[in-house]
Amino acid sequence: MVNVLEFESLQAAWEGINMFLATADQKTLKEKGGGGMYGTEYISYNNLIIANSCWVDPKFDFGKVLGYTPRKWTTLVNNYVDFNYLDMLRSEITMRRGKNAKSYNYAFHFSNHKGGGKDCLISLVFSKRVNEPFPTVFFNVRTSEVTSRLIFDFLLVQRIVEYVYGKGQPAEIHFYAPSMFITAERFAMFAKWKGFKKIKEQLGDDKFQKRVKQVYRELKTTPLEQIRYKVHQRCAEIVQGVDIKGGQPESMTVKSLKLSRIVPELDNDVVAMSKMKQLRKDAGIF
């Protein structure tokens, strides 16, 4: 069976998936593909997520909510985005749009230059369907840690879609994840942002849900220097609102994060065929 969830936007999808996993009972997840609690992870298999708009809140703060720094974004882009490939794909789509094509399907395969991404991101398929006014973009991954990673990946998808189509182009996102999961430690950061009291009211007494409540209390009250693992220490810093050095987590909003190249202007330009051939050659495909 496939878990199908639909949301208004990528931002709403990220929030909704976190809550779906945090509140789903193990019996339900096991019936839909064998998910449930395995070690410290709460997993859902065979997931199709539909976001009706390709949008992440520009004011969302990765630094204060998840403890990220700008270097994390630069690493993500450098690892996964081959701009020669992306430019070639954009040129193909721009040409088809210039000819008012009723339909097309183009695939962008994520790179994994440094191996650090472990091939978690696989591909984007840009699809225009007959009689559909807007394109649909299919986002495929190997697996996804939802709380701290998926919202970052969603923003990367938004920036790539903007790069290909120009800013303001409506697009629906279909996200497929063979597996996605949360951990109580990382989910604590989400609970802090949304308000733990509000989150707690929605949690039942399943084994994982009890763990979420216990872990939040521990991260809230344990001195940072006594937390053994650095990743858990980062979660505690967010929950406590102070870093190990006594300062505030740095701010890093969505609106400050761009691709390393400027989003091209769409001025009805169809890239010359000679340039197209060079892009193909540079990308080593087609």
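The values are calculated or read from the model by the stated rules, or taken from the named source; none is laboratory data. Since the model is a prediction, treat every value here as computed from it, not as a measurement. Neighbour counts run over all protein chains shown; Cβ positions are idealised from the backbone, glycine included.
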Quiz item: For region 242-259, what are the residues that are hydrophobic (A, V, I, L, M, F, W, C), modelled with pLDDT of 80 or more and not in a helix (DSSP H, G or I)?
Solution: V242, M252, L257, L259
Self-check item: Search result, residues across region 1-39 that are surrounded by 15 or more Cβ atoms within 10 Å (Cβ to Cβ), aromatic (F, W, Y) and more than 26 Å from E162 (Cβ to Cβ)
Solution: F20
Exercise. Of the conditions (1) modelled with pLDDT of 75 or more; (2) in a helix (DSSP H, G or I); (3) farther than 27 Å from A191 by Cα, Q278 clears all except one; give me its number.
Key: (1)
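Could you check region 1-102 for helices (runs of 4 or more DSSP H) lying wholly inside it with 2 or more residues that are under 27 Å from V231 (Cβ atoms) and out of contact with any Asp or Glu (no Cβ under 9 Å at 6 or more places or on another chain)? Step through it out loud before you land on a result.
Numbers: elements: 10-23, 26-31, 62-66, 70-80, 83-98.
So the answer is 10-23, 62-66, 70-80.
One line per residue, one yes/no per condition, for (1) under 28 Å from H232 (Cα atoms); (2) in contact with a Phe, Trp or Tyr (Cβ under 8 Å, 6 or more places away or on another chain); (3) without any contact (Cβ under 8 Å) to a residue 12 or more places away in the chain:
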site	(1), (2), (3)
F7	no, no, no
L21	yes, yes, no
G33	no, yes, no
L48	no, yes, no
Quiz item: Looking at K207, K197, K192, which one is over 25 Å from the mean Cα position of the chain (by Cα) and under 20 Å from E145 (Cβ atoms)?
Solution: K207
Quiz item: Of everything in region 212-233 that's at pLDDT below 95 and of a type in the set (K, R), which residue is farthest from the chain's Cα centre (by Cα)?
Solution: R228
Quiz item: Taking region 142-197 as the region of interest, how many residues are assigned to a strand (DSSP E or B) and buried (at least 20 other Cβ atoms within 10 Å of the Cβ)?
Solution: 8
Quiz prompt | Residue list for region 91-119, restricted to those being closer than 19 Å to L155 by Cα, touching a helix residue (DSSP H, G or I) at 6+ places or on another chain (Cβ under 8 Å) and modelled with pLDDT under 95 | solution = S111, N112, G116, G117
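Can you find a residue that is under 21 Å from the mean Cα position of the chain (by Cα) and at pLDDT below 95 anywhere in region 47-56? Steps first, answer last, please.
Residues of region 47-56 under 21 Å from the mean Cα position of the chain (by Cα): 47-56.
Still in the running and at pLDDT below 95: none.
Within region 47-56, not a single residue is under 21 Å from the mean Cα position of the chain (by Cα) and at pLDDT below 95.
With Y104, Y42 as the choices, which residue is free of Cβ contacts under 8 Å to residues at least 40 places away in the same chain and surrounded by 15 or more Cβ atoms within 10 Å (Cβ to Cβ)?
On the way: Y42 fails: free of Cβ contacts under 8 Å to residues at least 40 places away in the same chain.
Exactly one residue qualifies, and that residue is Y104.
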